[in-house]
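Here it is: the structure, laid out below.
The values are calculated or read from the model by the stated rules, or taken from the named source; none is laboratory data. Keep in mind it's a predicted model, so treat the numbers as computed, not measured. Counting neighbours? That spans all protein chains shown, and the Cβs are built from the backbone with ideal geometry, glycine included. Side chains included, ligands, DNA and RNA excluded: accessible areas come from the protein's heavy atoms. Shrake-Rupley method; radii C 1.70, N 1.55, O 1.52, S 1.80 Å.
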Amino acid sequence: MGEYVTRLVVGVGGRAGVSVEEVCALVEETLRGAGLATGAVTALATVESKTAEPGIAGAAERFGVPLVGYPAERLALIPVPHPSASVRAAAGTASVAEAAALAGGGELLVPKRRSVAATCAVATAEEHDLRHHGDAEVADAGGSLVDLAVNVRSDTPPQWLKERIAASLGDLASYPDGRAARAAVAARHGLPVERVLLTAGAAEAFVLIARALGAVRPVVVHPQFTEPEAALRDAGHRVERVVLRPEDGFRLDPAAVPEEADLVVVGNPTNPTSVLHPAAALAALARPGRTLVVDEAFMDAVPGEREALAGRMDVPGLVVLRSLTKTWGLAGLRIGYVLAEPEVIAKLAAAQPLWPVSTPALVAAEACVSPPALAEAEAAARRIAVDREHLLAGLAEFEEVTVSGVAEGPFVLVRIPGAADVRTRLRALGFAVRRGDTFPGLDPDWLRLAVRDRATTGRLLQALDHALALAGR
């Protein structure tokens, strides 16, 4: 396993005219008292209105780190251990130092400390780049790499779907009308149309959920797709994590989720672990007053869609997200949908911009939920399952490679000591794979591999053998 060096963010507040010397002395004394090194500080953080304060800006410059400013309204939403009514009245947040330290998503290590005119608090810095996605691995490669980093099914979209989309271009002068596509999605899942919302991919749905549902204590189950947490943070929420362990096969224990959580987000099958959680375990997370968000973006790649909750109306507070971009190769078109209670759908729809889904995307949605398309997707899921077993069998031949959990999705998560070097060597050999250390709960020894056809997998395994040999493993 790789090890992280703890990185720190220092939240700073100060009265008008506070000196650089006072801010620096307080920060240094606070770090020293906690046994923390000044060299581990990656940023000073404060409320936006204080970023121009010479004493605070000068302290950041003296420490050689950036000064990050957050809007007061965002900091006001972050729970802090030492709130102050007078500070809230003056700065718009109950504790500038503590809220600013926590705004990056880390954990508070040292609560608020004071001097005459300054305050500071220390938190861990976020270790994971929540905005890194698989497409970054192949950006600017000019098609020169075999793409095992992105989970979009290869050789898609199919020709018939391209033709359907192309035929819709004649209607671009008219505003999009989503009624037919919405009705088709509802019929596909046996739901009333009031329980369906079409979105510009599942990613838009995460933004709508973060902004419109008013969560007080949101919890995200990791490792999983990082956009839900990123969207919640951007909306000003303080996000709690439940991190599943490789020693447990990344299986979910519903009891690990705090009872007080009023919004819970979990993927199924989960990106990047490829673990398929039992529907009963997920349904056990439902509570009165809780919104349970289940991201089923890859469920149509599971034969028979085992353990799916889409279409269920007996689970209170259930919100299911589906994407049509993965199986059908429509990542550039952006189309997905939300299934939820009508009241939730109405709140999410009110937060959408006008005409959020384009006419070609609406046509694609209607086409992809038709009976012939569903049969094609099921056949593709069965082929993927066979190809995945071939990949897993090949990986089992390497002593250096460990697969944690039972893979059920169109990708596999592996642990390889020194994976960062292996990934670089694979790239030099023509293969792009997804780094794992941007997912909370994983470190640099993890890689995610998309499932491809047997011939491509054979070439990958040969390249992996070569990469491991070059790494001296």
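Let me confirm something: among ARG423, ARG415, ARG382, which residue is over 24 Å from the mean Cα position of the chain (by Cα) and open to solvent by 40 Å² or more (accessible area, probe 1.4 Å)?
Being over 24 Å from the mean Cα position of the chain (by Cα) and open to solvent by 40 Å² or more (accessible area, probe 1.4 Å) holds for just one of ARG423, ARG415, ARG382, which is ARG382.
Can you name the residue in region 435-458 that is under 17 Å from GLU137 (Cβ atoms) and open to solvent by 20 Å² or more (accessible area, probe 1.4 Å) and is also modelled with the highest pLDDT among such residues?
ARG452
Could you please find all residues in region 350-399 being within 21 Å of SER174 (Cβ to Cβ) and hydrophobic (A, V, I, L, M, F, W, C)?
Result: LEU354, TRP355, VAL357, ALA361, LEU362, VAL363, ALA364, ALA365, ALA367.
From the list ALA187, ALA202, ALA173, which one is in a helix (DSSP H, G or I), of a type in the set (A, V, I, L, M) and either open to solvent by 30 Å² or more (accessible area, probe 1.4 Å) or under 15 Å from THR359 (Cα atoms) (or both)?
ALA187
More than 26 Å from ARG233 (Cβ to Cβ), open to solvent by less than 80 Å² (accessible area, probe 1.4 Å) and touching a residue at least 60 places away in the same chain (Cβ under 8 Å): does that describe GLU22?
Yes.
Something else now. Could you go through region 60-79 and let me know if any residue there is closer than 15 Å to ALA16 by Cα and without any contact (Cβ under 8 Å) to a residue 24 or more places away in the chain.
no
Let me ask something else about it. Residue by residue through region 324-356, note down the ones that are more than 22 Å from the chain's Cα centre (by Cα) and not in a helix (DSSP H, G or I).
Listed by number, the residues that qualify are GLU341, PRO353, LEU354, TRP355.
For region 93-117, what are the residues that are surrounded by fewer than 18 Cβ atoms within 10 Å (Cβ to Cβ), without any contact (Cβ under 8 Å) to a residue 60 or more places away in the chain and assigned to a loop (DSSP other than H, G, I, E, B)?
Of everything in region 93-117, just one residue is surrounded by fewer than 18 Cβ atoms within 10 Å (Cβ to Cβ), without any contact (Cβ under 8 Å) to a residue 60 or more places away in the chain and assigned to a loop (DSSP other than H, G, I, E, B), namely GLU107.
Take LEU197 and tell me if it is more than 19 Å from GLY104 (Cα to Cα) and hydrophobic (A, V, I, L, M, F, W, C).
So LEU197 fits the description; yes.
Quick one: would you say SER144 is of a type in the set (Ser, Thr, Tyr) and outside any helix (DSSP H, G or I)?
It is true that SER144 is of a type in the set (Ser, Thr, Tyr) and outside any helix (DSSP H, G or I).
Taking region 229-277 as the region of interest, how many residues are among the small types (Gly, Ala, Ser), open to solvent by 20 Å² or more (accessible area, probe 1.4 Å) and either free of Cβ contacts under 8 Å to residues at least 24 places away in the same chain or outside any loop (DSSP other than H, G, I, E, B) (or both)?
So the count comes out to 2.
Now for a different question. For region 314-373, name all the residues that are of a type in the set (Val, Ile, Thr) and open to solvent by less than 20 Å² (accessible area, probe 1.4 Å).
Passing the criteria: VAL315, VAL319, VAL320, THR325, THR327, ILE335, VAL338, ILE345, VAL357, VAL369.
Additional query: Counting only residues that are touching a Leu at 6+ places or on another chain (Cβ under 9 Å) and not in a helix (DSSP H, G or I), which one in region 55-76 is least open to solvent (accessible area, probe 1.4 Å)?
Among those that are touching a Leu at 6+ places or on another chain (Cβ under 9 Å) and not in a helix (DSSP H, G or I), it is VAL65.
I would also like to ask the following. Tally the residues that are assigned to a helix (DSSP H, G or I), closer than 30 Å to VAL266 by Cα and either at pLDDT below 90 or not small (Gly, Ala, Ser) (or both), restricting the search to region 416-434.
Here the count works out to 3.
Which condition number does ARG88 fail, the rest of (1) assigned to a helix (DSSP H, G or I); (2) modelled with pLDDT of 90 or more being met?
The single condition ARG88 does not satisfy is (2).
While we're on this one: From VAL403, VAL422, grab the single residue that is without any contact (Cβ under 8 Å) to a residue 24 or more places away in the chain, among the aliphatic types (A, V, I, L, M) and in contact with a helix residue (DSSP H, G or I) (Cβ under 7 Å, 6 or more places away or on another chain).
VAL403
Could you list all residues from region 391-408 that are in a helix (DSSP H, G or I) and open to solvent by 50 Å² or more (accessible area, probe 1.4 Å)?
Listed by number, the list holds a single entry, ALA393.
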